[in-house]
Amino acid sequence: MSKVAVVYWTGTGNTQAMADAVAEGAKGAGADVASVFADAFHAADVAGYDAIAFGCPAMGAEVLEESVFQPMWDEVKGSLKGKKIGLFGSWGWGGGAWMEDWSADAGQTGATLVGTVTANNAPDDGALAECRDLGAHLA
């Protein structure tokens, strides 16, 4: 059985809804899943998982949340080599450039990026289905 972490930050609940769907998809595919708020996940935790889904909404000028999520991401990304990862999050303005930038950054970690999912504001049924698929691919 694979172990999957779903690590996320949410401000309005949109990204948490997506995290719940990713976890549901991974569990449905037989994985042991832990959902972890970003401030409780550290580089030392990475080794305990086969795959990790990271979720963060776009903030400000299309960047990751800066006080909790970005510091966690900066800490763990050096430990991701050889891991399967997925990225997800919601946005309410702009065009999703934060995900493009984040995906490019993730591509430099040596991890295998299996997919990304974005939602404009609250995730609709289609976005939630994509999140469940992402979880299943990580399992």
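Below, the figures for the structure above:
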{"read-out": "Leading residue by the ranking (farthest from L113 (Cα to Cα)) among those in region 56-83 that are surrounded by 18 or more Cβ atoms within 10 Å (Cβ to Cβ) and of a type in the set (A, V, I, L, M)", "value": "M59"}
{"read-out": "Residue under evaluation A129, criteria (1) modelled with pLDDT of 95 or more; (2) of a type in the set (A, V, I, L, M); (3) within 14 Å of the chain's Cα centre (by Cα), criterion not met", "value": "(3)"}
{"read-out": "Near pairs, Cβ below 6 angstrom, 6+ apart or cross-chain, from region 27-41 (more than 19 Å from L64 (Cβ to Cβ)) to any residue that is in a helix (DSSP H, G or I)", "value": "A29/A136; V33/A23; V33/A26; V33/K27"}
{"read-out": "Matching residues in region 111-130 - criterion: being more than 14 Å from L87 (Cα to Cα), out of contact with any helix residue (DSSP H, G or I) (no Cβ under 7 Å at 6 or more places or on another chain) and surrounded by 13 or more Cβ atoms within 10 Å (Cβ to Cβ)", "value": "N120, A129"}
{"read-out": "2 or more residues at pLDDT 95 or above, of a type in the set (A, V, I, L, M) and surrounded by fewer than 19 Cβ atoms within 10 Å (Cβ to Cβ): qualifying strands (runs of 3 or more DSSP E) within region 1-55", "value": "32-37"}
{"read-out": "Subset of region 84-104 that is of a type outside the set (A, V, I, L, M, F, W, C) and touching a helix residue (DSSP H, G or I) at 6+ places or on another chain (Cβ under 7 Å) - its residue that is surrounded by the fewest Cβ atoms within 10 Å (Cβ to Cβ)", "value": "K84"}
{"read-out": "Checking M72 against (1) in a helix (DSSP H, G or I); (2) aliphatic (A, V, I, L, M); (3) at pLDDT below 95, the condition it does not meet", "value": "(3)"}
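The values are calculated or read from the model by the stated rules, or taken from the named source; none is laboratory data. Please read all numbers here as calculations on a predicted model, not as lab measurements. Here the Cβ is made from the backbone with ideal geometry for all residues, glycine too, and neighbour counts use every protein chain on show.
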